[in-house]
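Trainee: This is the structure I want to talk about, given as structure tokens.
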Amino acid sequence: MRPFATFLAGIAAALLAGCVAGDRGPINVFVAEVGPASPEFIPDPGDDGSLVVGLAFSGGGARAAAFAYGVLRELDEAVIDEVPYRRTMVDDIRMISGTSGGAIMAAYFGYRGPDEYRDFRERFLLQNAESALRTSMNSPANLARAWSGGVNDRSAFARWLDRNLFEGATFERLKRSNAPIVWLTASDIYNGTPFLFTYDTFAALCSDLDQVRLADAVAASAAFPVVFAPVMLAADAPDCGYRQPAWKERALTDRETPLRLAAYARALDSYRGGQGPSHVRLLDGGLTDNIGITGFALERAAATTPHGPLSPAEAVKLDRLLYIVTDAGRERAPVWGASARGPGLPDLLAAVSDTAISSSTREGFDALELEVAHWRNDIVRYRCGLSMAEIRKHRGTLDGWDCRNVRLAVEHVSFRSLDAETKARLDQVPTRLSLQQAEVDFVIEAGRRAIRSNPSVRDALAHIQRKAGVGAAHAW
């Protein structure tokens, strides 16, 4: 290269390096003494405990968030009791999780609660979250950023989320009275595992989850590769007195441990083992769990009791447990399917991504259904082995007691749940962080319809209403 050209190339490289620099520092801080472990049981609702609702929201940008919001709004219309106060199915949400776009809704519900989450449409879905992002790939600086790991760092989306939704709130704000447990999932690209924002995870990092901003966790869960740089956590803390929880020790030594739990235990072990990364890098949770079920699956796998993560009292009082997985994934037939030629590279990359996500979604949901069926059997055996005194202690009465009368249903609520015309329109809604108002409202209504027409949801609602003496005026 000629000297002058070399000089110009050096100047260009320096300028681009300056453009690439941004906020890519760790989102956690070290603590001198490790904090509490993750709770063993999900929170008790404080009511009669007959219904427990769990929700898992999939990835898919604002489309997924709108679909999840529609599901919540419809559950909010399902009145299950009026004495001593009006209660809907939303009030009995005891666990809520999300990945990528679904994590935005899950975190906001956890932050605001069942009485204040309803402004999510105005505060997020109708706003332009992409206004804070660099989106042009015609920019040399953006190409340089992409080459160096990601066009947008956490100063973009995380800052927008904090300013518009979470108002500086950290995970400590999720500890309010009667709040559900919230599981947000990202992907640890060093270990190739899901990364859960839980107290056990951050204890292994010698960090305090209570000090982590919700906006940073959500941004990590939604950090689609190349569009976003990995969100980073420091993992080279000095000793903080960390002692691994019993479930992790068992998972690392017991050859019968479920593979998912064993892989997660090894990932946590790498954070404290001295041989792992000095920094953990997180990308989109959809890479490892696009339907957001890892939190519940790991909690059940790590349980040391037949009823966990339900408490003993919850297991006795329970009549119905409804675990709803919302899936906003599209199933459009690719245009190259009708041709003998193609697909070209862009279509091929999209097909590979869609195939991997669809396959992992099916396998994950099938495994979840099987695990919940086993869990129901464990709960029945536990209940039937209790004395009458223990039952009366938890339940208050023996009236109507049947140790086997408990149902656990897992429902996959997706675009496929709806009629062909609606599904075709939903499949046209793009996977972006900003949608048109008409698209937002159409997807919200689709989520409401998908819940309203679901047989298991209707059955659980009717059963609980009959038990509470709620009239037909509240039926769908």
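Trainee: Checking the conditions here, which among ARG266, ARG281 is of a type in the set (D, E, K, R), at pLDDT 90 or above and within 21 Å of TRP247 (Cβ to Cβ)?
Mentor: Of ARG266, ARG281, the one residue that is of a type in the set (D, E, K, R), at pLDDT 90 or above and within 21 Å of TRP247 (Cβ to Cβ) is ARG266.
Trainee: When segment 360-402 is examined, which residues are found to be of a type in the set (A, V, I, L, M, F, W, C) and open to solvent by less than 30 Å² (accessible area, probe 1.4 Å)?
Mentor: PHE365, LEU368, VAL372, TRP375, ILE379, VAL380, LEU386, ILE391
Trainee: Could you check segment 236-250 and list, in sequence order, the residues that are open to solvent by less than 10 Å² (accessible area, probe 1.4 Å) and within 23 Å of the chain's Cα centre (by Cα)?
Mentor: The answer is LYS248, and nothing else.
Trainee: Next question. Within segment 398-434, how many residues turn out to be in a strand (DSSP E or B) and over 23 Å from the mean Cα position of the chain (by Cα)?
Mentor: The qualifying residues number 1.
Trainee: Of the conditions (1) under 30 Å from the mean Cα position of the chain (by Cα); (2) open to solvent by less than 30 Å² (accessible area, probe 1.4 Å), VAL470 satisfies every one except a single condition; which number is it?
Mentor: (1)
Trainee: Just need a number here: residues in segment 392-422 that are in contact (Cβ under 8 Å) with a residue 40 or more places away in the chain and of a type in the set (Lys, Arg).
Mentor: 3
Trainee: Among the residues of segment 314-334, is there at least one that is touching a residue at least 40 places away in the same chain (Cβ under 8 Å), within 30 Å of ILE27 (Cα to Cα), among the polar types (S, T, N, Q) and touching a strand residue (DSSP E or B) at 6+ places or on another chain (Cβ under 7 Å)?
Mentor: yes
Trainee: Taking strands (runs of 3 or more DSSP E) that fall entirely within segment 24-100, which contain at least 1 residues that are touching a residue at least 24 places away in the same chain (Cβ under 8 Å) and open to solvent by 10 Å² or more (accessible area, probe 1.4 Å)?
Mentor: So the answer is 79-81.
Trainee: I'd like to know if segment 128-141 contains one or more residues that are within 27 Å of ASP91 (Cβ to Cβ) and in contact with a helix residue (DSSP H, G or I) (Cβ under 7 Å, 6 or more places away or on another chain).
Mentor: no
Trainee: Moving to a separate point now. Just a yes or no: is a residue in segment 211-229 more than 20 Å from ALA107 (Cβ to Cβ) and part of a helix (DSSP H, G or I)?
Mentor: no
Trainee: Go through segment 130-143 and give me each residue that's in contact (Cβ under 8 Å) with a residue 24 or more places away in the chain and either out of contact with any Cys (no Cβ under 9 Å at 6 or more places or on another chain) or under 12 Å from VAL227 (Cα atoms) (or both).
Mentor: GLU130, SER131, ALA132, LEU133 - these are the residues of segment 130-143 that are in contact (Cβ under 8 Å) with a residue 24 or more places away in the chain and either out of contact with any Cys (no Cβ under 9 Å at 6 or more places or on another chain) or under 12 Å from VAL227 (Cα atoms) (or both).
The values are calculated or read from the model by the stated rules, or taken from the named source; none is laboratory data. This one's a predicted model, so the numbers in the text were calculated from it and none came from an experiment. Note that each Cβ is placed from the backbone with ideal geometry, even for glycine, and that neighbours are counted across all protein chains shown. The accessibility values were calculated without ligands, DNA or RNA, using every heavy atom of the protein model including side chains. Shrake-Rupley method; radii C 1.70, N 1.55, O 1.52, S 1.80 Å.
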